[in-house]
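S.K.: Sharing a structure here in structure tokens format.
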Amino acid sequence: MTALPVLALLQAATPPQSLFVFLVATVLKMLILFTTYMVGVALLTLAERKISAWMQDRHGPNRVGKGWLQPAADGLKNIMKEETYPDAAYTPIFVLAPVLAFVPAMMTWAVIPWGAPWDSPWGTIDMAVAPLPVGFLYILAIGSVGVYGIVLAGWSSNNKYSLLGGLRSSAQMVSYEIAMGMATIPVLLLAGNVSLSQIVERQAGLGPLSWNIATCTIAWLVFLISAFAETNRLPFDLPEAESELVAGYHSEYSAMKFSMFFIAEYANMVTASALMSTLFFGGWDIPFTTWDNVAPHTALKTLLTTGLFFGKTLFWVFFYMWIRWTVPRFRYDQLMALGWKLLLPVMLGYIVVMGSAIIALQKAGFVPTSMAFSGALLGLNVVLVLVLLFVLDRGRIVSPAYSRLDPRHLSRLRAVAKVHRTAEAEVSP
Amino acid sequence: MAIGVKVLERPIAETSYLRATMKGMALTLKHMFQEPVTVQYPEEKWSLSPRWRGTHRMLTTEDGKAKCVACGLCPTVCPANCIKLVPGEDEKGNRYPLVFEIDEFRCIFCGYCQEVCPEEAIHVGRHYENSEYSRDGFVYDLERLTAQTHPVCEMWDPADPKGE
């Protein structure tokens, strides 16, 4: 039995010039990323409140330091508050759950490349904490861990509402993880690799035409929907569903532990947005130019691409908020039906179509980086999106009476209702 | 199942979730760029209607005495029975109120007292910030009523006396 080349798989894509430089650079990258991330997440809580306010013709928080210090005030308040531990709760897991909810979102960032590599005087430095060649598999693995925080929070609270919230979230996240994983397969097919930097590289060159939004539009749509479900954001925030479950899995949490769930939600949102930018919007690639993709990799290029990457990420974060303040929450059976009966079959079919199309185009002699290749895929996607919008999305995707639309079912229901009405009329004359 | 469930036949051909969502998103985006309608309350205040009926005010004569002649019409007309009036008479035979108290908690702000007053002494005011630290503070005595300075209710619009 030959040994698997595990070390080679885990090794950084570009080997560091020296161990010392590698260590210092990695620690610095971690520090910078962590700080930016935490400050960013804090500011996003403010952004959410501001954006929701503007969408509802209000002002939003504008008192503490003109509103800018609101996150700091919230943080201070939550730290000063009393931590309550319910008598019936299982304390070790009760304490562990908020951490488990937050950490996976943070860990995912390790492999996301956020800028062009920099040829520093000490050697080339990749703009990702750990540019793993198996990057995407790592993301799928860590993403699955994210559900534990919520499930364990719901279970350890020993509260029926919390438990229901936790159960909902586990069912929801497991269901949509499948669709999410499927949605990335066309991207991986195109890149021929699971390394995130390779995926970004493939999308560079032709600008938005070679981005995966153009070549795998339906995959992007499914990924978007699944990402909403994965992060428990509206319209899929059933684990919280305050009208039914008080506050769902975090009903029993108070003070900073509650805040951790709040932070985790935003952290997940940022991570999902960054993933979406990387997989479907060219990552850090600056469109309409190849200037940023070729040597020499100067610090200026690194800064500009980093800025663009965070711009793209913030746009998707805004999109999340935009959707949240537009669309009402799904009913539970609608959520499940959407995930299993629609997204999964659509993705399975799409993978077959895309796989065939890619092979056919390659056999026909088109170079994968050429304009014709991407253009042909774009054309195919436009047709498929039109089919989706005008044929499939006819009250079948989400309907107020999804499970009752079958005419047979409908007539059976009517018959039952009729019998019931006559019985009622006989009882109460 | 189906205990009198109302089953509607939905027009499937016209339903589209994705397009409806996009429509909704266009609406929310439009509202993002509209001016907020919030009034920043402690700094900004709505201007009250001239017919606003708030807490009372007793108008005074030029020498600072209450205009009230203790005729007793306002406690009589008051449907909430919130006015306490004890009439007195000075050496010249002019009647004046010894005690004039309005319990603002009982008052229903109908404005009948102002309407009925022959001397135009008691008025309901254009005022709404009335918080106090104790319940006792809401029984306004004569001193308090004369000391109030807020504008008073017009009862009707002079330009439109019949309320048309």
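The values are calculated or read from the model by the stated rules, or taken from the named source; none is laboratory data. Quantities reported herein were computed from a predicted structural model and do not represent experimental measurements. Please note: Cβ atoms are built from the backbone with ideal geometry, for glycine as well, and neighbour counts cover all protein chains shown. Please note that ligands, DNA and RNA were not included when accessible areas were found on the heavy atoms of the full protein model with its side chains. Shrake-Rupley method; radii C 1.70, N 1.55, O 1.52, S 1.80 Å.
S.K.: Could you check, for the stretch A:189-212, whether at least one of its residues is in contact with a Ser or Thr (Cβ under 8 Å, 6 or more places away or on another chain), among the hydroxyl-bearing types (S, T, Y) and not in a helix (DSSP H, G or I)?
M.R.: Checked the stretch A:189-212: at least one residue is in contact with a Ser or Thr (Cβ under 8 Å, 6 or more places away or on another chain), among the hydroxyl-bearing types (S, T, Y) and not in a helix (DSSP H, G or I).
S.K.: Got a sec? Which of B:R53, B:R106 is at pLDDT below 90 and open to solvent by 30 Å² or more (accessible area, probe 1.4 Å)? Steps first, please.
M.R.: On the way: B:R106 fails: at pLDDT below 90.
Step by step, each of B:R53, B:R106 is checked, and only B:R53 is at pLDDT below 90 and open to solvent by 30 Å² or more (accessible area, probe 1.4 Å).
S.K.: Suppose we filter A:W122, A:W155, A:W114 for residues that are of a type in the set (F, W, Y) and within 22 Å of A:P287 (Cβ to Cβ); which single one remains? Quick ask: steps written out before the conclusion?
M.R.: On the way: A:W122 fails: within 22 Å of A:P287 (Cβ to Cβ); A:W155 fails: within 22 Å of A:P287 (Cβ to Cβ).
Result: A:W114 is the single residue among A:W122, A:W155, A:W114 that is of a type in the set (F, W, Y) and within 22 Å of A:P287 (Cβ to Cβ).
S.K.: Quick one: count up the residues across the stretch B:119-142 that are in contact (Cβ under 8 Å) with a residue 40 or more places away in the chain, open to solvent by 60 Å² or more (accessible area, probe 1.4 Å) and touching a helix residue (DSSP H, G or I) at 6+ places or on another chain (Cβ under 7 Å).
M.R.: Selection size over the stretch B:119-142: 0.
S.K.: On the given criteria, is B:D90 in contact with a strand residue (DSSP E or B) (Cβ under 7 Å, 6 or more places away or on another chain) and surrounded by fewer than 14 Cβ atoms within 10 Å (Cβ to Cβ)? Steps first, answer last, please.
M.R.: Numbers: in contact with a strand residue (DSSP E or B) (Cβ under 7 Å, 6 or more places away or on another chain): yes; surrounded by fewer than 14 Cβ atoms within 10 Å (Cβ to Cβ): yes.
Judged against the criteria, B:D90 is a match.
S.K.: Here is a list of conditions, (1) surrounded by 20 or more Cβ atoms within 10 Å (Cβ to Cβ); (2) in contact with a helix residue (DSSP H, G or I) (Cβ under 7 Å, 6 or more places away or on another chain), and A:S170 meets all of them except one; can you say which number that is?
M.R.: Failing condition for A:S170: (1).
S.K.: Under 7 Å between Cβ atoms, at least 6 apart or on separate chains: pull out the pairs that start in the stretch A:294-321 with a residue that is over 11 Å from A:A116 (Cα atoms) and end on any residue that is at pLDDT below 90 and outside any helix (DSSP H, G or I).
M.R.: Pairs that qualify, where the first residue is over 11 Å from A:A116 (Cα atoms) and the partner is at pLDDT below 90 and outside any helix (DSSP H, G or I), are A:K312/A:F281; A:Y320/A:R233.
S.K.: Let me ask you something else. Show the residue pairs that are 6+ apart or on different chains and have beta-carbon atoms under 7 Å apart, the first residue being within the stretch B:71-100 and over 14 Å from B:L145 (Cβ atoms) and in a strand (DSSP E or B), the second being acidic (D, E) and open to solvent by 40 Å² or more (accessible area, probe 1.4 Å).
M.R.: Matching pairs, first to second residue: B:R95/B:E89.
S.K.: Give me the residue from the stretch B:109-118 that is of a type outside the set (F, W, Y) and open to solvent by 50 Å² or more (accessible area, probe 1.4 Å) and, out of that set, farthest from B:Y96 (Cα to Cα).
M.R.: If we filter the stretch B:109-118 for residues that are of a type outside the set (F, W, Y), which is where we start, we get B:110-111, B:113-118.
Now drop any that are not open to solvent by 50 Å² or more (accessible area, probe 1.4 Å), which leaves B:115, B:118.
On the way: B:E115: 19, B:P118: 14 Å.
So, considering only residues that are of a type outside the set (F, W, Y) and open to solvent by 50 Å² or more (accessible area, probe 1.4 Å), the one farthest from B:Y96 (Cα to Cα) is B:E115.
S.K.: For the stretch B:39-50, how many residues are away from chain A (no Cβ under 11 Å) and surrounded by 10 or more Cβ atoms within 10 Å (Cβ to Cβ)?
M.R.: 4
S.K.: Also: Please enumerate the residues belonging to the stretch B:21-38 that are more than 7 Å from chain A (Cβ to nearest Cβ), out of contact with any helix residue (DSSP H, G or I) (no Cβ under 9 Å at 6 or more places or on another chain) and loosely packed, with under 10 Cβ neighbours inside 10 Å.
M.R.: B:E35
S.K.: Determine whether the stretch A:283-301 contains at least one residue that is assigned to a helix (DSSP H, G or I) and of a type in the set (S, T, N, Q).
M.R.: Going residue by residue through the stretch A:283-301, those that are assigned to a helix (DSSP H, G or I) are A:299-301.
Now drop any that are not of a type in the set (S, T, N, Q), which leaves none.
No, because not a single residue in the stretch A:283-301 is assigned to a helix (DSSP H, G or I) and of a type in the set (S, T, N, Q).
Residue by residue, here is whether (1) open to solvent by 40 Å² or more (accessible area, probe 1.4 Å); (2) not polar (S, T, N, Q) holds:
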| site | (1), (2) |
| --- | --- |
| B:P97 | no, yes |
| B:T149 | yes, no |
| B:M155 | no, yes |
| B:A159 | yes, yes |
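S.K.: Looking only at the stretch A:245-270, which residues are over 22 Å from A:M80 (Cβ atoms), open to solvent by less than 10 Å² (accessible area, probe 1.4 Å) and either β-branched (V, I, T) or modelled with pLDDT of 85 or more (or both)?
M.R.: A:A267, A:M269 - these are the residues of the stretch A:245-270 that are over 22 Å from A:M80 (Cβ atoms), open to solvent by less than 10 Å² (accessible area, probe 1.4 Å) and either β-branched (V, I, T) or modelled with pLDDT of 85 or more (or both).
S.K.: Starting from the stretch A:345-371, keep only residues that are open to solvent by 60 Å² or more (accessible area, probe 1.4 Å), then list their pairs with residues that are assigned to a helix (DSSP H, G or I) whose Cβ atoms are within a distance under 6 Å, requiring at least 6 positions of separation or different chains.
M.R.: Close Cβ pairs satisfying both conditions: A:F366/A:A372; A:F366/A:F373.
S.K.: Quick one: what pairs do we get from the stretch A:36-54, first residue acidic (D, E), second part of a helix (DSSP H, G or I) and buried (at least 17 other Cβ atoms within 10 Å of the Cβ), C-beta under 7 Å, 6+ apart or different chains?
M.R.: Qualifying pairs under 7 Å: A:E48/A:M321.
S.K.: On to the next question. Could you tell me which residue of the stretch A:1-23 is modelled with the highest pLDDT, considering only residues that are under 22 Å from A:I112 (Cβ atoms) and loosely packed, with under 14 Cβ neighbours inside 10 Å?
M.R.: Here the residue is A:L23.
S.K.: Right, another one. Can you confirm whether the stretch A:100-118 contains a residue that is in contact with a Ser or Thr (Cβ under 9 Å, 6 or more places away or on another chain), open to solvent by 40 Å² or more (accessible area, probe 1.4 Å), closer than 26 Å to A:K312 by Cα and in contact (Cβ under 8 Å) with a residue 60 or more places away in the chain?
M.R.: Yes; the residues of the stretch A:100-118 include at least one that is in contact with a Ser or Thr (Cβ under 9 Å, 6 or more places away or on another chain), open to solvent by 40 Å² or more (accessible area, probe 1.4 Å), closer than 26 Å to A:K312 by Cα and in contact (Cβ under 8 Å) with a residue 60 or more places away in the chain.
Condition check ((1) over 30 Å from A:G149 (Cα atoms); (2) open to solvent by less than 30 Å² (accessible area, probe 1.4 Å)) across all residues:
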| position | (1), (2) |
| --- | --- |
| A:I185 | no, no |
| A:L188 | no, no |
| A:G192 | yes, no |
| A:R202 | yes, no |
| A:L209 | yes, no |
| A:N212 | yes, yes |
| A:I225 | no, no |
| A:E230 | no, yes |
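S.K.: Of the residues that make up the stretch A:291-301, is at least one small (G, A, S), more than 26 Å from A:M127 (Cα to Cα) and more than 21 Å from the chain's Cα centre (by Cα)? Before you say what the answer is, go through the steps one by one.
M.R.: Of all residues in the stretch A:291-301, those small (G, A, S) come to A:295, A:299.
Filter once more, keeping what is more than 26 Å from A:M127 (Cα to Cα): none.
Scanning the stretch A:291-301, I find no residue that is small (G, A, S), more than 26 Å from A:M127 (Cα to Cα) and more than 21 Å from the chain's Cα centre (by Cα), so the answer is no.
S.K.: Oh, and also: Just give me the residues in the stretch A:37-69 being within 22 Å of A:F310 (Cβ to Cβ) and outside any helix (DSSP H, G or I), in sequence order.
M.R.: Residue satisfying the conditions is A:W68 alone.
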